[in-house]
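Here the structure comes first, spelled out in structure tokens, and everything after it is commentary.
Values in this text are rule-based calculations from the coordinates and carry no lab data. Keep in mind it's a predicted model, so treat the numbers as computed, not measured. Heads up, the Cβs are rebuilt from the backbone with ideal geometry, glycines too, and the neighbour counts pull from every protein chain shown.
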């Protein structure tokens, strides 16, 4: 089978669609652009499912182990430093093939949904062009053969998500949000870039498989040199991995780099379903999984991954219980679920059943993609109907929107982890892995599972039950194009849990069997039932219990509602410290020295020659003084102090 | 010998030909339209470029004062290309100017000075070239004849460069006093890093620092850039700086190689200071020219970081970066220049809603700014990445981290302009600008250059092969 051709097509089609819609979308294909984009996505979704079937069932296995297939590889650039070179290529292995399916299927659903949702938008074709660009960059990210290639697509994903979040650019909050998302993730990417540099320089390669080969063997030269030298008490390897993880944590909105995610909800809702549920935000998890053979050798890096994940899971779940914006609840719940995937990797061992955490993490990524995008699309349908994001404006919608109601309920049950929906199976595996790997994290995860059930059903009851509000939608529940994706995704939510995932995706490519431990399931399921029960009591009918409870909890509720003041902390650091102590003096010098000159010139009267005036202002002498002082200082330092 | 002379100095001879041609035309009171003059010069510049690429010859003449290698040839070609782009871009500004011919006289003279500087194998020769490339530039800065700001800028430039030249010359004469020669090879063989040599070196360094506007030798930059006509500003910030940088690595790597440990730390200090100050000032600029001026100071900080790596990769990444920088910065200046000559507006706020009326120009400026900010996959990212990689080879992670942080800061202000163009609402955005042919060609060259150097790796490998 010709993987090179098919997978290249997989990348080129959305790119072509972006170019065509970007250039001619507004003039020629104004009406047709949605159809074109959707048709392209349909094609590549079919392609990637076909590739997945071929890979998993026919070609992938050799002696019972899944082997990576390099479908395409070409040397793109030689550095001239230690034989370092950058390759561009396409890597197919269990996790990348799985990601291909997730991305294309979810993206297809989002495209179809957008046909109805964005119908009246003025920049309809631009929207679809951006969606194509995003899909292309995300696909490019997962099939990278090379850590540098992944970085480039990583940034491209950042750029295209910036465009999509800021799509409603007439809303100042959307613009601010897109900028925040871009800059925060760029900050994290810096860590990533430095991590890449360290890895590249130390191992002499940027190729994933070679890096893994050279570092996964504790006797190898690169491994010894990277673990022997250190900086601030940590070995070079640990630093490199933590820095790479920092990039991943930024994209995946892990604590404390998560601040961009809730604000990013300003983008169109289908975009959130694509970017913030299934694709971009899991890129960090994917990155760690990609380098997992190296990560698992370094205990410190692994525990960083585990604890950052666990903290994020709990922290986000607590905040989610207090938010009233429907999309923000979903955003925090995404962050919490990604925390699950992250710590699951962090507690995992390597190979066979010890690598359960790895498999569980990927499994949860897979199932979560479907039910979370279902939730977001459902939320989109609700917002479309109510014209508000605020849960307090909603209530009793189950009669108005039967399809949305049913699918949303299904997704809530899935994310809460109610058997036999997909979320139950994947979360169960994660909890099992945590139980075997780290008991403290297990208990955090268990508690978070209860919280998850609580806030999801709080959301559900507040939207679909409670007292009916007055709505003025001018239209029904939504066109077929909006209902169809909901139905397809809920089918996927039911089915995907039964896939024998561990057979296909495992830390070392060797499949294994997983069993359901009934005794083990009792605790999580009990937690879920308690969570749903509490939500039922508090929110099924409008009453004053939640307010009383919030009053009783006082400070804690307020802290959670204000998202634990993390944003304020960032603001304090940037405004109060950086601006005051660095920006202000700089501004002062600029105002008084640089601008001062210009102002003097501007106010110079005609009867005085400006040349004399400029001379008299004395600023050039000042420049010369700085110049001379600088040279003297350098000479002084290097003659007297340096030697 | 005669053949050598013609072959090795062909680029210089071509430029001298233009200079004399223009001079005779001017003296003969030829009534040529400005457009004709521009077209003539552009054609000869293209011919110079073509000759630079076609004829390959290396060697030394004039008693080892003047030498040419493949690398120097490439550097000259890069500068010629940049000058050509600027010449194309100045169309709108020059077409009604009374003194277009003089402008070209001065422009080509400075380019000639740079060529001599590049080919010099001798500090004295270098100094002559440097002055030839500086003094006419100050006159060019004054070319907005009716604007006071322009004259003030010219005055500031000539005074401060006289100051820096004085220091530089003092450094050179001390070097001569120590070594007894001003030839590069003799100095390289004789110096050992004694305190006196360090003092002389610092003075020479300050001279270079002034030209590339490294902090604290940068103070003249913002005023001069703002006062000068835009084509001259772009020439100053791109071509003139590029030429000095090319010479700078030659001088550092071949003449002062044995003092490498000392100047590594000097560059370290200068690099950090330059990045920080440049970025912090650029952050709050409202005038596009000033903003580009400060951002170009910050870029120099990255260049110094790359140079501090002291390897073949450092030289390669520097030349590669300058090439990319020419494309990116000239694309940005090109758009700013079009807007300025059409509406006289130079503020960032004036660009609000620019995308609604001028989508193509807005995209051009956005790509240029993305490239300057170093966002992959634009060329600027690779330029910066290679510089950082070259600097990282020294293993100084603190410096790398500072550089990386500065990339973020710079992202903030580059993005501000992009945001103004694409996202900010403006009831009355600047109206559609009619771009004449030659600026259009210039912008196309720039954008194609950004894309090709970014996506196709051949350029880097070619430079690498020449350097090693």
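With all pairs of separate Cα atoms included, the stretch A:236-390 yields a Kirkwood hydrodynamic radius of 15.5 Å. Size check on the stretch B:2-467: the Cα extents along the three principal axes, sorted descending, read 67, 59, 43 Å.
Label-to-label distance for residue A:392 and residue A:209 is 5.8 nm, based on points extended 7 Å past Cα in the beta-carbon direction.
For each of A:184, B:141, count neighbouring Cβ atoms within 10 Å of the residue's Cβ, then give the residues from fewest to most.
With the fewest neighbours first, A:184, B:141 line up as A:184, B:141.
Exposure proxy ranking for A:48, A:178, B:340, based on other Cβ atoms within 10 angstrom of each Cβ and starting from the fewest, stands as B:340, A:48, A:178.
Model label sites at residue B:70 and residue A:217, defined 7 Å from Cα along the beta-carbon direction, differ in position by 3.8 nm.
Working note: Cα atoms of the stretch A:1-152, range along each principal axis, descending, whole Å: 53, 41, 20. The overall shape of the protein assembly as shown is prolate: from the C-alpha gyration tensor, with semi-axes ordered a ≥ b ≥ c, the ratio a/c is 1.5 or greater and a/b exceeds b/c. Taking the inverse of the mean reciprocal distance over all distinct Cα pairs, the Kirkwood hydrodynamic radius of the stretch B:375-468 comes to 16.5 Å.
Taking all C-alpha pairs of the stretch B:301-423, those more than 20 Å from each other amount to 46 percent. Suppose the Debye formula is applied to equal point scatterers at every Cα of the stretch B:60-217; what is log10 I(q)/I(0) at q = 0.10, 0.12, 0.16, 0.17 Å⁻¹? For the stretch B:60-217 at q = 0.10, 0.12, 0.16, 0.17 Å⁻¹, log10 I(q)/I(0) is -0.44, -0.62, -1.01, -1.10. Calculated [222 nm] ellipticity per residue, helices only, for chain B: -25000 deg cm²/dmol; basis is -39500 (n - 2.57) per DSSP H run with n ≥ 4, divided by all residues, nearest 500.
Pair-distance distribution of the stretch A:235-296: all C-alpha pairs, bin width 10 Å, starting at 0; shares per bin in whole percent are 22, 46, 23, 8, 1. Residues B:281, B:53, B:163, ranked from the fewest to the most other C-beta atoms within 10 Å, line up as B:53, B:163, B:281.
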